[in-house]
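Enquirer: There's a structure below that I have some questions on.
The values are calculated or read from the model by the stated rules, or taken from the named source; none is laboratory data. These numbers come from a predicted model, not from an experiment. Methodologically, a virtual Cβ is constructed for each residue, glycine included, from the backbone with ideal geometry; neighbour enumeration extends over all protein chains shown. Just so you know, the surface numbers come from the protein's heavy atoms only, side chains and all, with ligands and any DNA or RNA stripped out. Shrake-Rupley method; radii C 1.70, N 1.55, O 1.52, S 1.80 Å.
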Amino acid sequence: MAGGEGARLRPLTSNMPKPLLTVAGRPMMEHVLNLVRRHGITDVVVTVSFMANAIRDFFGDGSEFGVELTYVDEPAPLGTAGSVRNAADLLTERFIVLSGDVVTDIDLSRIIAFHGEHEALATIGLTPVDRPLEFGIVITREDGSIDRFLEKPTWGQVFSDTINTGIYVLEPDIFELIDPARPVDFSAEVFPELLREGRPLFGAVTQGYWEDVGALDAYLRVHKDALDQVVQLDIPGFQVADGVWVGEGTEIAPDVETVGPAFIGPDCTIESGTRLGAYSVLGAHCRVLANVQLDRCVLLDSVYVGPGSRLRGAVVGKSANLRSHVRADEGVVIGDEVQVGHNATFGPDVKVYPFKTVEDGAVVNSSIVWESRGASSLFGRDGVDGLANVDITPELAVKLALAYGTSLRKGETVVTSRDSSRSARMLKRALMAGLNAAGIHVLDLEVASTPVTRFLVKSPKAVGGLTVRLRNDDPSSVSIHFYDGTGMDIHEDAQRRIERSFQREDHRRALPEEIGDISFPHRAVEDYTVELAEIVEPGQIAERQFKLVIDYGYGSASLAMASVLTKLRADVLAVNPYSSTIGRLSFDMAASTRRVADLVRASGAHLGAVFDPAAERLTLIDDEGDVLTHTEATLCFVELICDHLLGDRIALPVNMTGHAARIAAGYGVTVQHTKVSTPALMEAATQPGVGFAADGEGGYILPGFLPAFDAAAALVKMLDLLARSGRQLAEVRRGLPAVHMIHEAVATPWEQKGLVMRSLLERAEGELVLVDGVKVGNGLEWALALPDPAEPVTHLWAEAGTAAGARALSKDYARRIRRLVR
């Protein structure tokens, strides 16, 4: 009998029939089938109702499980007896009835033999239990015949501890007592009628394990009993230690502490520093990252648990995604495909139903049933991003590309590119398929840097572009960036159009003759390098004969830079040029910067440079081997470029040091402050009169070439500026004023961010700058408070004439924010 909904086990059974819920790596119904097969029964009729197709699809005809299955649909609830009566045509000889959603190892042969010996019409399997209140008590005579029934008794009525297990051996004559026209129950109607008529009704008391997994505590308990081998189940995998089973293909770091008993399913990955406490159960394909602690937890298939998370006594549904430092207490149940943000905390007994989103830093003390908490936005600060093949799957990529293609006119062309990683390659192919399906042509650069992609998007051939890359801060994550026809990031309006189409699945499907084509440009890199050389004075640079050390971060920028630097007669030591996935995954920005600094000192080079793998951000090392901070590098650019600026303004974010404006003012150049965001800076770079832009974090924009970050263009421009000035970079750096600026993040709950900003604004003393956030003061003494758009924190910057002054100003504003939050 496999038609129940398992309502008391929700949210685990919200979108899964209860018989398919796994215990120790196998669905409960599979354990039941294994039991009946061990007792020589191979002809099985399955009554199905709730999510019947899911059961059919999993078990098929039963041949894989050593039995022959026939399915009978129950169109409406018929009761336990009515459900069996519905299959009467298939039950023409003695048969046994079992539930497909219990866990038991009871001796079925013993019950069947007892039935035959007593020539019974019906025999009920009985078993003693410690707490019989929730079950039907059956009182028998000495010969095993049933004396009376007590359904759901009170303690005052408990005269026996033997209960009805729902296991029945029946003769086909039983159908005479079951009305086919209405719902009928065995224990409430059929068996009491047999008793009244004095027909042979017996109870066979048998020893063995039996658990009706009717509630979540029972679900955890049955796992404990299975691992303790209190119940004899066929547990898949290899028993690698006493009470520890591990499935095939699972990888466990050497220092993982596993306290038995425990079960780890096939193809799991358990990273270093993790502790799997006693009674930990992991389904197939789970990924548990570093320094996770699990105690008495059940993780169903394909669960992802981020680093530093702590779960105790919790159950996590299929394909749920828990980011870093998640906390869950006893009794927590997280449903299928729930997305849980970083640092989220769940109180005891909280239940989160499937497909919900829980935001970063959320404290959840009540169950989430209908509403969806947290940001549901598809686009974040870095485009569409997430864990490769976890958040960002090929299925999502196709759907996303269909939504993007639908926002464009049929027959238009989009440029695509990727980095060298396998993840990006897989996802770009899916994106291209989705674009073609929407009737959009694709101009594929294959592997190309982000600036080269933006450059080609500017051409008349394309109306937009996208690139797929591993994130610099997390090589297990990817980001998909979208560009408009100018090579800039698409506007928020375009993002919203894509999101609406994505959420509604309102996609355009092209006719077969309208499906988009894929082509490959032949001179994209050459065109980029030719135009790049035109923004400088090649002759002056060539005269300096620069000696350079460049780390390309395994990115494809090395393919374009080789020909440019050759034309400029530069002597280049190239480190980490374009490589495959392995090189890209192993890139460490800090280690590479230290290595380049050593090579500059050892080789006597004029300049060192480190590109991020996307070739958007640049780190500079001067001729003395000193690594410039991004603030120092920005000030060097301002000092050198203002005397040769094509315009009268430079664009810098509002959190940039006040020294930049002072330096620029000395050359008659003004600073246009922008919001602290990449799109805002790029937008400013397109305005007339703006000749340079920088974000203070290694991103530089040369508007006359490309209105976006380009590490290669920034490096070539720095060579041009040094050649024109006749100076060395170390000399320029030593001439910079000392900068005393502090940045910190103050924890701020989402619901209090508005309060914090309003209060700081109302209590501000001094000059106010409201470009982005609340900035109090200007020049070289100021403080800026800015809520983070994606995390529950407020960013705080403070600058003063001395380090002590900056610290004091920062502490003062941090204290104000914390007081407001309390």
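Enquirer: So the check is Cβ under 8 Å with 6+ separation or different chains; which pairs have a first residue in region 120-141 that's within 15 Å of G208 (Cα to Cα) and a second one that's modelled with pLDDT of 65 or more and part of a loop (DSSP other than H, G, I, E, B)?
Expert: Matching pairs, first to second residue: G125/I106; G125/T206; L126/T206; T127/I106; T127/T206; T127/Q207; T127/G208.
Enquirer: Let me ask something else about it. Kindly provide the set of residues from region 652-703 that are surrounded by 20 or more Cβ atoms within 10 Å (Cβ to Cβ) and charged (D, E, K, R), ordered by number.
Expert: The one that is surrounded by 20 or more Cβ atoms within 10 Å (Cβ to Cβ) and charged (D, E, K, R): D695.
Enquirer: Restricting to region 18-54, name every residue that is without any contact (Cβ under 8 Å) to a residue 40 or more places away in the chain and either among the aromatic types (F, W, Y) or under 30 Å from Q239 (Cβ atoms) (or both).
Expert: L20, P27, E30, L33, R37, R38, T42, V44
Enquirer: Which members of region 209-228 meet the condition of being open to solvent by 40 Å² or more (accessible area, probe 1.4 Å) and at pLDDT 85 or above?
Expert: L220, R221, K224, D228
Enquirer: Being of a type outside the set (S, T, Y), more than 37 Å from the chain's Cα centre (by Cα), modelled with pLDDT under 85 and open to solvent by 30 Å² or more (accessible area, probe 1.4 Å) narrows it down to one residue among G726, G766, G754; which is it?
Expert: After ruling out the rest, the residue left standing is G766.
Enquirer: Has region 728-737 got any residue that is more than 16 Å from L820 (Cβ to Cβ), touching a residue at least 24 places away in the same chain (Cβ under 8 Å), assigned to a helix (DSSP H, G or I) and in contact with a strand residue (DSSP E or B) (Cβ under 7 Å, 6 or more places away or on another chain)?
Expert: yes
Enquirer: So, in region 369-384, of the ones that are modelled with pLDDT of 80 or more and in contact with a His (Cβ under 9 Å, 6 or more places away or on another chain), which residue ends up surrounded by the fewest Cβ atoms within 10 Å (Cβ to Cβ)?
Expert: The extreme case among them is G383.
Enquirer: Name the residue that is most open to solvent (accessible area, probe 1.4 Å), counting only residues in region 536-584 that are modelled with pLDDT of 85 or more and at positive phi.
Expert: Only one residue tops the list, namely R569.
Enquirer: Another one. Which residue out of S49, S14 is closer than 29 Å to R94 by Cα and touching a Pro at 6+ places or on another chain (Cβ under 8 Å)?
Expert: Testing whether each residue is closer than 29 Å to R94 by Cα and touching a Pro at 6+ places or on another chain (Cβ under 8 Å) leaves just S49.
Enquirer: Now a separate question. Exactly one condition in (1) out of contact with any strand residue (DSSP E or B) (no Cβ under 9 Å at 6 or more places or on another chain); (2) without any contact (Cβ under 8 Å) to a residue 24 or more places away in the chain; (3) not small (G, A, S) is false for D349; which is it?
Expert: With respect to (1) out of contact with any strand residue (DSSP E or B) (no Cβ under 9 Å at 6 or more places or on another chain); (2) without any contact (Cβ under 8 Å) to a residue 24 or more places away in the chain; (3) not small (G, A, S), D349 is out only on (1).
Enquirer: I need a count of the residues in region 485-509 that are buried (at least 17 other Cβ atoms within 10 Å of the Cβ) and either part of a loop (DSSP other than H, G, I, E, B) or at positive phi (or both).
Expert: 5
Enquirer: Based on what the data block shows, is G62 out of contact with any His (no Cβ under 9 Å at 6 or more places or on another chain), at positive phi and open to solvent by less than 50 Å² (accessible area, probe 1.4 Å)?
Expert: Yes; evaluated as a whole, the condition is true for this residue.
Enquirer: Let me ask something additional. Give region 315-358 a look and list any residue that's aromatic (F, W, Y), part of a loop (DSSP other than H, G, I, E, B) and over 13 Å from the mean Cα position of the chain (by Cα), or say none.
Expert: Y353
Enquirer: In the set S366, S449, S420, which member is over 18 Å from R523 (Cα atoms), crowded, with 19+ Cβ neighbours inside 10 Å and of a type in the set (S, T, Y)?
Expert: From the options S366, S449, S420, the qualifying one is S420.
Enquirer: Quick check: is even one residue across region 245-260 assigned to a strand (DSSP E or B), open to solvent by less than 20 Å² (accessible area, probe 1.4 Å), under 23 Å from T13 (Cβ atoms) and not hydroxyl-bearing (S, T, Y)?
Expert: no
Enquirer: Could you count how many residues in region 517-535 are open to solvent by 50 Å² or more (accessible area, probe 1.4 Å), β-branched (V, I, T) and not in a helix (DSSP H, G or I)?
Expert: Number satisfying all stated conditions: 1.
Enquirer: Can you find, within region 60-113, the residue that is nearest to the chain's Cα centre (by Cα) among those that are among the small types (G, A, S) and part of a helix (DSSP H, G or I)?
Expert: S63
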